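In what follows, a structure is listed as structure tokens, so that the remarks can point back to it.
The values are calculated or read from the model by the stated rules, or taken from the named source; none is laboratory data. All figures in this text were calculated on a predicted structure; none of them were measured in a lab. Methodologically, a virtual Cβ is constructed for each residue, glycine included, from the backbone with ideal geometry; neighbour enumeration extends over all protein chains shown. Surface accessibility is based on the protein's heavy atoms, side chains included, excluding ligands, DNA and RNA. Shrake-Rupley method; radii C 1.70, N 1.55, O 1.52, S 1.80 Å.
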Amino acid sequence: MISRARALSFTIMLAAGFPGFSSGASLQQPIFGKSLEEVEKMAAKEGKLRMVSNLFPEEVPQVLKGFYAKYPAIKVEFTRGSGVGYSERILSEALGGLVEYDLIDIANEFYAKYLKAEVLAGPFEWRRLFPAITEVQVSADRNFVGIAYSLRVFVYNPSVVPAERVPRDWADCLDPYWKGKLVVDTRPNTFTTLAKLWGEAKTLEYAERLRNNQPIWKRGQPESLVQIAAGEYPMFCGISYHTVNGALRRDPKAKLALSWPREVPVSVSTTMTVLKGAKSPNAALLLAGWLASPEGQKGYEQIGRASPYAAGSELWKQLQKAGAKTVLRDLGESDPEQAITKKILAIWGFAK
């Protein structure tokens, strides 16, 4: 493995547009099957693939159970890795000629860098090969496919919160009833996504009014859930659905209940693609397409991370019943979000 210092130097050269730097052009472009049948046959010959994603190890058997049942000849070597740091490391190593994984999960902030580096094996004809994938799951350049999603909801302690006070709209978080009592994440992802619908002016006004309601600022949603279940705090405004889902799966009797807002912020939490130089490119492409399909999404639904756009799924039914409208942050969308993030953090007093 190349040293971290050497790997970082490649990233720096890429960002600076270093003269004569060849990006990932030296990596071998894999050969893919031209049809799903060809991809399946070539994947079976490859026999295994190396995958890195933000799944927790205990979630992997649930997510891959259906894949192994359908493709028993293909084994998946899983590594947990997530966030900007992991995306940077994989890119740096690829620029140095080292491709450790076939199927990778990329943080939004690194989309443009991976494209510029020319280390991706795509674009792919995702919807021709896997027709059941919805259009919103595929990036505009067709290099990436959305696999897992994060939705923001309200969670509360039903033993503490009266039925008439259950939050059902983002405006409820501004109610003086919750002053000094509601929990809010210090990372404003919920509201940067809502800005796509609200616009910047309304979003910043909301951020200021929310600050004036004196929320309890928290960084760490699982810990906050424990405190809410214990009755220390009554409600969390804008928590990840999969965090609540996971807590209730582990303890169905926990004093936790979720409420769907009328406008549900949605972001892609797992976005996958295949690298040039991949040793098992067809197996990687096959797994990515299968995971994005309704068949593969069943595993993600069990852990609360499925796509809300798969018509007929349990999550889709919940949203329909609640009359909730989704607000989707597009794949690869990062710069506009970062700009408004800084403004919200400044309003909240957390700007660096």
- prompt: Of all the strands (runs of 3 or more DSSP E) wholly in segment 191-275, which have at least 3 residues that are out of contact with any Lys or Arg (no Cβ under 9 Å at 6 or more places or on another chain) and buried (at least 18 other Cβ atoms within 10 Å of the Cβ)?
  reply: 263-274
task: Could you identify the single residue in 127, 187 that is farther than 14 Å from residue 329 by Cα, in contact with a Lys or Arg (Cβ under 8 Å, 6 or more places away or on another chain), among the basic types (Lys, Arg) and open to solvent by 50 Å² or more (accessible area, probe 1.4 Å)?
output: 187
task: Sort out which residues of segment 141-152 are surrounded by fewer than 17 Cβ atoms within 10 Å (Cβ to Cβ) and in contact (Cβ under 8 Å) with a residue 24 or more places away in the chain, and write them in order of number.
output: 141
field: Which listed residue is farther than 30 Å from residue 32 by Cβ, open to solvent by less than 40 Å² (accessible area, probe 1.4 Å) and either modelled with pLDDT under 90 or touching a helix residue (DSSP H, G or I) at 6+ places or on another chain (Cβ under 6 Å) (or both), from 314, 337, 333
entry: 337
- request: Check whether at least one residue in segment 276-289 is of a type in the set (Ser, Thr, Tyr) and assigned to a helix (DSSP H, G or I), and report yes or no.
  value: no
query: residue 115 versus (1) of a type outside the set (Lys, Arg); (2) over 24 Å from residue 292 (Cβ atoms); (3) open to solvent by 10 Å² or more (accessible area, probe 1.4 Å): which is the lone unmet condition?
result: (2)
field: Within segment 10-113, helices (runs of 4 or more DSSP H) holding 2 or more residues that are at pLDDT 95 or above and farther than 30 Å from residue 339 by Cα
entry: 36-46, 60-70
- line: For segment 28-55, pairs from a residue that is within 15 Å of residue 73 (Cα to Cα) and open to solvent by 40 Å² or more (accessible area, probe 1.4 Å) to a residue that is of a type in the set (Lys, Arg) and part of a strand (DSSP E or B), with Cβ under 9 Å and 6 or more apart or across chains, are 48/75
query: Which of the residues belonging to segment 58-74 are over 19 Å from residue 301 (Cβ atoms) and either open to solvent by 80 Å² or more (accessible area, probe 1.4 Å) or not aromatic (Phe, Trp, Tyr) (or both)?
result: 72, 73, 74
- request: Output yes when any residue across segment 141-162 is basic (Lys, Arg), within 30 Å of residue 52 (Cα to Cα) and in a loop (DSSP other than H, G, I, E, B), and no when none is.
  value: yes
